[in-house]
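The values are calculated or read from the model by the stated rules, or taken from the named source; none is laboratory data. Predicted model, so just to flag it, every value in this text is computed and none were measured. No Cβ is skipped: glycine too gets one built from the backbone with ideal geometry, and neighbour counts run over all protein chains shown.
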């Protein structure tokens, strides 16, 4: 069986062999930073990028101490035999300490030379990393060693980030239960008897518990936003085509995207700057329009024309951003959970107190949108996974290239066998007439149908285009309609997560507040959906809410060491 502790040991061994060992978790856990007597100390719990950079610049801590400190926290709270056994981290990057030490050696010359300088990041274990395997949560893929980073990982490294390790995930990104054959069930950071959602479940718990500064997730139908809602995080599902899919193990390329998962809006804005950008790879999925048969974007100029990406998303961090903002509340998506309803009602009152104009809005044909359409992962998974697996040679790592070989290997959870076999029966290149009709309905008809109705709601017009009032900046609704499920079960998510992938519009999940009637108190997430490529408005409104109402409260089970 795969032992994630082996890679932690490799990191420490590499540090020792390089001539000066990293700080030992047994000797230094809980010790104060040693970067300097007058420096600003660094707290590993709830810190931001700005906090880290201030401590580094003033000599409060070194980059190596930062990385080792997070490794210590993973050993203390995540590993088998630890106090909480969160199971959120698959493995530690054996080169993370070495990368940190190199930054320290050059710091006198370079200083902080990138927006993510020395920021320890945990990518979901379906993002390719050249320094360690990418398993997608499956034992069959535990030694898959891509030859290069995913485009987004490379962009984060270029911005100065350190890949701390890989986050656990629901195997193959199939669901919200949050379990893999590589690392098991992930516990919720706030209540160890509850699940953490999925499929970016490990990222949700690890970042919620401050086991790294930032993380990434992928989202096909809620996989960034659901675990973000359950762990009090800010999670952004960007507009489709904005972020390259190159090097991200697919579930359904038609609606997959990667995105950031953070404890604060400002950190997610910095992450967005690093993750977006034109990618010339044929696997980028960056098309000139939303149509599934549209050609890929040709160059950076065309990418900019299509997406309108700002110079930096951080310029939209406006603490007064809610003042005068018009927000459309979709009451039909609120469900009937009294705890969720109470927190959402308070969030709406907070927004109004901050100067927002909050009005109820109706999405035409909502029942049809949520009931008649579906994800195409059952159609695309086999085809897209084989394309991904064949993107690098298997002469060195011997990884599987053929879907049937994966099914035959048995290297996955038994509960996923039927799902794998069912997906394996669909040949995307040779669909039956019945399958083709379903596929066309969900890739050609669905985006037009859903986008038209969401734009009516956002523009505040009726079906004929007549104005019903001033337009809205965003639509607002609960991230999930229920609460975290017991460990080993899925949360009561509802269908709200479908609006963004079905329209290809961006959505941001963030804490609305805490459910104080629960023991322990749990975060309740709210989701804002915006117009295509208008991530900046989502960031502006979310930051204003965060700064004025501080809705996130740290979990109690993972304090400072």
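Here is how the numbers come out for the structure above:
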item: Hey, residue 491 more than 30 Å from residue 305 (Cβ to Cβ), modelled with pLDDT under 95, surrounded by 17 or more Cβ atoms within 10 Å (Cβ to Cβ) and touching a strand residue (DSSP E or B) at 6+ places or on another chain (Cβ under 7 Å) or not; result: yes
item: Residue 232 being out of contact with any strand residue (DSSP E or B) (no Cβ under 7 Å at 6 or more places or on another chain) and in a loop (DSSP other than H, G, I, E, B); result: no
item: Flag if residue 336 is more than 26 Å from the chain's Cα centre (by Cα), at pLDDT 95 or above and closer than 21 Å to residue 455 by Cβ; result: no
item: Only one of 384, 404, 427 that is out of contact with any strand residue (DSSP E or B) (no Cβ under 6 Å at 6 or more places or on another chain) and without any contact (Cβ under 8 Å) to a residue 40 or more places away in the chain; result: 404
item: All positions within the range 526-561 that are part of a loop (DSSP other than H, G, I, E, B), within 21 Å of residue 314 (Cα to Cα) and touching a strand residue (DSSP E or B) at 6+ places or on another chain (Cβ under 7 Å); result: 530, 551, 552
item: Criterion (modelled with pLDDT of 95 or more, over 18 Å from residue 475 (Cα atoms) and exposed (fewer than 15 other Cβ atoms within 10 Å of the Cβ)) met by exactly one of 345, 372; result: 372
item: All positions within the range 495-516 that are touching a residue at least 12 places away in the same chain (Cβ under 8 Å), more than 14 Å from residue 239 (Cα to Cα) and in a loop (DSSP other than H, G, I, E, B); result: 495
item: One residue from 134, 152, 147 being outside any loop (DSSP other than H, G, I, E, B) and at pLDDT 95 or above; result: 152
item: The listed residue being more than 16 Å from the chain's Cα centre (by Cα) and surrounded by fewer than 23 Cβ atoms within 10 Å (Cβ to Cβ), out of 266, 291; result: 291
item: Counted residues, the range 507-539 - those being buried (at least 24 other Cβ atoms within 10 Å of the Cβ) and more than 16 Å from residue 229 (Cβ to Cβ); result: 3
item: Single residue of the range 167-177 satisfying the filter (touching a helix residue (DSSP H, G or I) at 6+ places or on another chain (Cβ under 8 Å) and not in a loop (DSSP other than H, G, I, E, B)) that is surrounded by the most Cβ atoms within 10 Å (Cβ to Cβ); result: 167
item: Number of the condition not met by residue 150 [criteria: (1) buried (at least 23 other Cβ atoms within 10 Å of the Cβ); (2) more than 16 Å from residue 218 (Cα to Cα); (3) out of contact with any helix residue (DSSP H, G or I) (no Cβ under 9 Å at 6 or more places or on another chain)]; result: (2)
item: Helices (runs of 4 or more DSSP H) contained entirely in the range 389-471, each with at least 2 residues that are closer than 21 Å to residue 133 by Cα, within 27 Å of the chain's Cα centre (by Cα) and at pLDDT 95 or above; result: 403-409
item: Meets criteria (touching a helix residue (DSSP H, G or I) at 6+ places or on another chain (Cβ under 9 Å) and either farther than 16 Å from residue 127 by Cα or surrounded by fewer than 24 Cβ atoms within 10 Å (Cβ to Cβ) (or both)) for residue 220; result: no
item: Within the range 316-373, tally of residues that are touching a strand residue (DSSP E or B) at 6+ places or on another chain (Cβ under 9 Å), assigned to a loop (DSSP other than H, G, I, E, B) and farther than 24 Å from residue 470 by Cα; result: 2
item: Test: residue in the range 323-333 that is farther than 29 Å from residue 493 by Cβ and in contact with a helix residue (DSSP H, G or I) (Cβ under 9 Å, 6 or more places away or on another chain); result: yes
item: Members of the range 109-132 found to be within 21 Å of residue 244 (Cβ to Cβ) and without any contact (Cβ under 8 Å) to a residue 40 or more places away in the chain, listed by number; result: 129, 130, 131
